[in-house]
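All remarks here apply to the structure that follows.
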Amino acid sequence: MSASPAPACRFQSFTDPCDPAQVAPRLAALRAALAGLGLDGFVVPRADEHQGEYVPAHMARLAWLTGFTGSAGNAVVLADKAALIVDGRYTIQSVAQTDTALVTPTRMEETPLGAWVEANLPAGGRLGYDPWLHTVDGLAKLEKAVEAAGGELVPTVLNPIDALWSDRPAPPVAPVTVHPRALAGEDAAAKLARIREALAREKVDALVLSDPHALAWTFNIRGGDVEHTPLPLGYAILPREGRPTVFLAPKKLGNEAGDAIGAVADIAAPEALAGRLKALGAEGATVLLDAATASAALASLIREAGGTPRAGTDPTALMKARKNETELAGARAAHLRDGAAMVRFLAWLSRTALAGGLTEIDAVAALEAERLRTGLLRDVSFTTIAGAGPNAALPHYRVTEASNRPIAPGIFLVDSGGQYEDGTTDITRTVAIGTPDAEMRDRFTRVLKGHVAISRAVFPKGTSGAQLDVLARLPLWQAGLDFDHGTGHGVGSYLSVHEGPQRLSKLGHTALEPGMILSNEPGYYKEGAYGIRTENLVVVEPRRVEGAEREMYGFETISWCPYDRALIDPALLDEGEIAWIDAYHAQVLAKLAPIVDGEAKAWLQESCRPL
């Protein structure tokens with residue numbers, strides 16, 4: 001472990017803000033508060049009111065209470081016990097970050113939230129919850145579990161944690177910026193017209209935009225209210241007829257953003273949202289709510305006023321996923337400059353790592369510096385995953401000053417990305433430090449075979465990510481191996497690096513359509529030893545197939561960076577795979593050689609030699 005000071009990064013911190021020693025007094029204070037409210041327990045989700053991947057600091061209640069900082073999870077606090085329920089990605093992290101003498105980390109795959117509540121809530125127990133932090137569907141499942149336990153589910157008007165959190169940060173008020181048509185490719189008025197057509201087809205009177213990504217996309221605005229994703233936190237109500245209303249804190253809006261929104265919508269403070277929803281309810285309106293992000297509180301406001309909330313799919317999700325030609329051109333440009341930054345970084349790493357003295361944090365800082373050299377980086381698109389040795393076996397590892405390992409002979413994995421105004425990037429490369437052993441080369445090559453299989457896939461219109469996911473796994477399955485995450489996720493356009501509904505996964509049931517950007521990132525993880533992942537971003541595109549009787553699609557690769565030749569075992573590759581890798585490396589060289597120089601260019605030329 002490194003004891004030296006961590007290098008400075010503009011967009012990332014390496015301190016762990018949570019202290020397990022704080023769990024005991026905070027848990028005791030919460031239990032006392034619950035007793036005063038006549039409650040026997042309380043559910044503390046990681047989510048904020050928008051169900052976002054990143055939550056603003058003042059909404060990080062789960063981290064404040066338990067110390068756990070992962071991106072998903074729930075705590076349930078009863079009078080005599082407490083559980084922290086997380087998915088398998090966070091098993092190790094949850095144990096490390098909380099006080100396990102008081103809070104029991106629990107795997108969601110084995111004991112979901114509802115099952116834990118049903119098994120542990122005492123008969124007659126009153127379980128409290130904050131209705132702004134649970135979706136309609138999530139609340140229905142919780143209600144079922146509480147009913148099975150013979151208890152009562154009780155909404156709270158105020159979240160009891162907020163009164164206990166003495167140094168709670170203020171809500172963010174980052175300025176809202178205009179995302180110009182030159183980058184968006186379509187103006188807000190045209191998007192609103194398409195949304196109104198969708199509402200007419202759905203036979204609803206209005207749509208509530210509860211997902212800030214949808215708000216940003218619809219009105220061509222961006223913000224800075226959460227880490228690594230340029231989001232303005234807020235809402236909008238879009239009636240089928242008439243002007244929309246956008247609900248944003250006035251402090252966020254300067255003249256340019258206010259004028260741009262005001263050209264197509266009314267603007268109101270967030271405090272006015274409840275009154276507008278009640279007014280819709282009083283009119284007997286049927287209001288579409290996004291099942292994935294709309295809180296149960298929104299549905300209650302509409303229903304109690306006499307309206308009909310309908311939980312369903314936000315029509316903007318698919319519209320946003322299908323990138324237009326302007327957005328795709330921006331993504332390609334962003335990936336070229338990002339690829340050059342990756343090449344400069346990997347060339348530096350190859351020159352310096354074997355000499356010793358480098359740590360994971362040094363690598364994170366060096367890579368961020370290379371992206372900053374572009375002059376166009378607005379943020380990293382997520383906290384860089386830089387894992388040496390056994391840390392590489394943690395798919396969602398985040399280095400801290402406490403966990404920071406030296407980069408020593410073996411495997412080093414770096415998964416990173418950038419936010420540029422013209423595109424969002426995400427790329428993973430695994431490299432050998434020194435000479436890899438035969439097992440490492442075998443595993444790397446099997447992962448690469450799956451990655452190439454996705455890259456070369458041709459498939460009929462209507463195919464979902466779930467149908468393609470097996471292609472990435474088959475070379476691993478043939479050796480009795482697998483990985484426990486999806487093969488790929490959707491990616492936004494200067495928005496979230498994790499965008500739905502498109503995905504390459506066993507759970508990815510949305511049909512893939514031209515213009516969708518996805519990651520292609522199979523992996524292999526040997527716990528306690530090393531991990532491997534290889535990732536490019538791809539775009540779904542129409543594919544001409546001679547003699548085809550159906551409309552066919554394929555993938556355009558838009559990430560450019562060599563694979564580590566030292567880890568490739570050509571004996572495991574067939575002729576088609578070798579040809580694809582050689583052709584990819586030829587393209588990498590042709591695209592990046594003109595925009596790198598010196599030692600980086602020499603490294604690139606050597607790395608792109610044919611197999």
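The values are calculated or read from the model by the stated rules, or taken from the named source; none is laboratory data. Predicted, not measured: the structure shown is a model, and the values here were computed from it. Because the Cβ atoms are built from the backbone with ideal geometry, glycine has one as well, and the counts that use them run over all protein chains shown. The area values use the complete protein model at the heavy-atom level, side chains included, leaving out ligands, DNA and RNA. Shrake-Rupley method; radii C 1.70, N 1.55, O 1.52, S 1.80 Å.
Of the numbered conditions (1) open to solvent by 50 Å² or more (accessible area, probe 1.4 Å); (2) in a helix (DSSP H, G or I); (3) in contact (Cβ under 8 Å) with a residue 24 or more places away in the chain; (4) of a type in the set (A, V, I, L, M), ALA96 fails exactly one; give the number of that condition. The single condition ALA96 does not satisfy is (3). For segment 454-466, a residue qualifies if it is under 14 Å from ASN520 (Cα atoms) and not hydroxyl-bearing (Ser, Thr, Tyr), and the qualifying residues are ILE454, ARG456, ALA457, GLY465, ALA466. Taking strands (runs of 3 or more DSSP E) as the structural unit, no element lying wholly within segment 263-380 holds at least 3 residues that are basic (Lys, Arg) and in contact with a Cys (Cβ under 8 Å, 6 or more places away or on another chain).
Per-residue answers, yes or no, for (1) surrounded by fewer than 22 Cβ atoms within 10 Å (Cβ to Cβ); (2) in contact with a Phe, Trp or Tyr (Cβ under 8 Å, 6 or more places away or on another chain); (3) aromatic (Phe, Trp, Tyr):
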position	(1), (2), (3)
GLU325	yes, no, no
ALA329	yes, no, no
VAL343	no, yes, no
SER350	yes, yes, no
LEU354	yes, no, no
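Of all residues in segment 593-611, those that are surrounded by 16 or more Cβ atoms within 10 Å (Cβ to Cβ) have Cβ atoms under 9 Å from Cβ atoms of residues that are outside any helix (DSSP H, G or I) and of a type in the set (Phe, Trp, Tyr), 6 or more apart or on another chain, in SER607/TYR563.
Anything in segment 537-563 that is of a type in the set (Val, Ile, Thr) and part of a loop (DSSP other than H, G, I, E, B)? List them, or say none.
As a first pass, look at segment 537-563 and keep what is of a type in the set (Val, Ile, Thr): 538-540, 545, 557-558.
Within segment 537-563, VAL545, ILE558 qualify.
Just the residues that are within 19 Å of PRO460 (Cβ to Cβ) and polar (S, T, N, Q), please, taken from segment 488-504. GLN502, the sole residue that qualifies. Here ASP582 clears all of (1) touching a strand residue (DSSP E or B) at 6+ places or on another chain (Cβ under 6 Å); (2) loosely packed, with under 15 Cβ neighbours inside 10 Å; (3) closer than 27 Å to VAL343 by Cβ except the condition numbered (1). LEU248 meets the conditions (1) closer than 28 Å to THR424 by Cβ; (2) open to solvent by 10 Å² or more (accessible area, probe 1.4 Å) in every case but one. The failed one is (2). Just so you know, in segment 310-336 the residues that are among the β-branched types (Val, Ile, Thr) and within 20 Å of the chain's Cα centre (by Cα) include one that is farthest from GLU513 (Cα to Cα), and it is THR313. Comparison of GLY450, GLY492 shows that the only residue that is part of a helix (DSSP H, G or I), touching a residue at least 40 places away in the same chain (Cβ under 8 Å) and in contact with a Lys or Arg (Cβ under 8 Å, 6 or more places away or on another chain) is GLY450.
The residues listed here are PRO112, PRO131, PRO105, PRO56; of these, the one that is touching a Phe, Trp or Tyr at 6+ places or on another chain (Cβ under 9 Å) and surrounded by fewer than 23 Cβ atoms within 10 Å (Cβ to Cβ) is PRO105. Somewhere in segment 402-421, is a residue modelled with pLDDT under 95 and either more than 22 Å from the chain's Cα centre (by Cα) or crowded, with 22+ Cβ neighbours inside 10 Å (or both)? Scanning segment 402-421, I find at least one residue that is modelled with pLDDT under 95 and either more than 22 Å from the chain's Cα centre (by Cα) or crowded, with 22+ Cβ neighbours inside 10 Å (or both), so the answer is yes.
Screening segment 146-167 for residues that are among the small types (Gly, Ala, Ser) and over 25 Å from ALA60 (Cβ atoms) and picking the one that is surrounded by the fewest Cβ atoms within 10 Å (Cβ to Cβ) gives GLY150. Considering the conditions (1) under 23 Å from LYS323 (Cβ atoms); (2) in contact (Cβ under 8 Å) with a residue 40 or more places away in the chain; (3) of a type in the set (Lys, Arg), ARG201 is excluded by exactly one of them, (2).
So how many residues does segment 31-86 have that are of a type in the set (Phe, Trp, Tyr), part of a helix (DSSP H, G or I) and over 26 Å from GLU271 (Cα atoms)? Steps first, please.
Applying the first criterion (of a type in the set (Phe, Trp, Tyr)) to segment 31-86 yields 42, 54, 64, 68.
Filter once more, keeping what is part of a helix (DSSP H, G or I): 64.
Within this subset, residues satisfying the condition of being over 26 Å from GLU271 (Cα atoms) are none.
So the count comes out to 0.
A count restricted to segment 226-235 and to residues that are on the phi < 0 side of the Ramachandran plot and surrounded by fewer than 24 Cβ atoms within 10 Å (Cβ to Cβ) stands at 2.
To keep it simple, each residue is scored yes or no on (1) crowded, with 23+ Cβ neighbours inside 10 Å; (2) outside any helix (DSSP H, G or I).
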site	(1), (2)
ARG196	no, no
TRP217	yes, no
GLY224	no, yes
GLY242	no, yes
GLU256	no, no
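Note on segment 389-406: residues that are more than 28 Å from TYR420 (Cβ to Cβ) and aliphatic (A, V, I, L, M) amount to 2.
Got at least one residue in segment 514-536 being more than 29 Å from PHE412 (Cβ to Cβ), open to solvent by less than 10 Å² (accessible area, probe 1.4 Å) and outside any strand (DSSP E or B)? Quick ask: steps written out before the conclusion?
Taking segment 514-536 as the starting set, the residues that turn out to be more than 29 Å from PHE412 (Cβ to Cβ) are 514-516.
Cutting the leftovers down to open to solvent by less than 10 Å² (accessible area, probe 1.4 Å) gives us 515-516.
Checking which are outside any strand (DSSP E or B) leaves us with 515-516.
For segment 514-536, residues more than 29 Å from PHE412 (Cβ to Cβ), open to solvent by less than 10 Å² (accessible area, probe 1.4 Å) and outside any strand (DSSP E or B): present.
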